[in-house]
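The values are calculated or read from the model by the stated rules, or taken from the named source; none is laboratory data. As the structure is a computational prediction, the values presented were derived from the model and not from experiment. Virtual Cβ from ideal backbone geometry, glycine too; neighbours counted across all protein chains shown.
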Amino acid sequence: MVGNVLKLNVLMLKKLLIFSVIMFAFGYALVPFYEKFCEVTGINELLRPDAKAKEIEVDKTRLVTIEFDANTRGLPWEFKALQRTAQIHPGEPVTIMYEITNNSERELIAQAIPSYSPRNLEKYLKKFECFCFTKQVLKPHETRQMPVQFVIEPSLPVELQTVTISYTFFELPGVSKN
């Protein structure tokens, strides 16, 4: 009887060791698989914005006016673009600074949701850096300046001469800052 239990325990130990080796190999193989997946889907380009920006050719034959809008919903924050408009050549990298101030007596957590006009602008807008990618935590009476870096592709239809990029901050109640 003791011999049978010992054999079963040894068999179980072998199975667990084999399973552990297989799981380690699977985890090890995920790294190159994930890198290839990011390369194919273009996700890794988010980490190298300068390389992507240099690939886009600037269309010097036309100018596009970009209007910048900033709003809050249900927040005691002041939020504004430091530059209300910009004229750019399609394909030209742009950096616009926004400023936000928490006018309340408490720390607040919020996130900005972008919207664009005309509606299909997101097809031609490539953001490299944006405060809208992450939640923002502002202490009482804190003021912060935040950049948005982007490019509007030269394939933007010629009839679109003015576009609007808008951000609206919404509070994230019950969300921790981590």
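List of remarks:
- Tally of residues being closer than 30 Å to E107 by Cβ and of a type in the set (A, V, I, L, M) across the range 120-153: 4
- Residue match in the range 53-69 (condition: outside any helix (DSSP H, G or I), of a type in the set (S, T, Y), modelled with pLDDT of 85 or more and within 30 Å of E105 (Cα to Cα)): no
- Remark: V158 matches the filter, which requires a residue to be in a loop (DSSP other than H, G, I, E, B), assigned by TED's automatic domain parsing to the domain that holds R62 and touching a Lys or Arg at 6+ places or on another chain (Cβ under 8 Å).
- Cβ-Cβ under 9 Å pairs, at least 6 apart or on other chains, the range 117-144 side under 21 Å from T101 (Cβ atoms), far side surrounded by fewer than 12 Cβ atoms within 10 Å (Cβ to Cβ): K135/K177; V137/K177; K139/R106; P140/E105; P140/R106; H141/E105
- Test for V151: is it in contact (Cβ under 8 Å) with a residue 12 or more places away in the chain and under 19 Å from the mean Cα position of the chain (by Cα): yes
- Among the residues of the range 148-174, those identified as surrounded by fewer than 14 Cβ atoms within 10 Å (Cβ to Cβ) and either at pLDDT 90 or above or over 18 Å from I113 (Cβ atoms) (or both) are S155, P157, V158, E159, Q161, T162.
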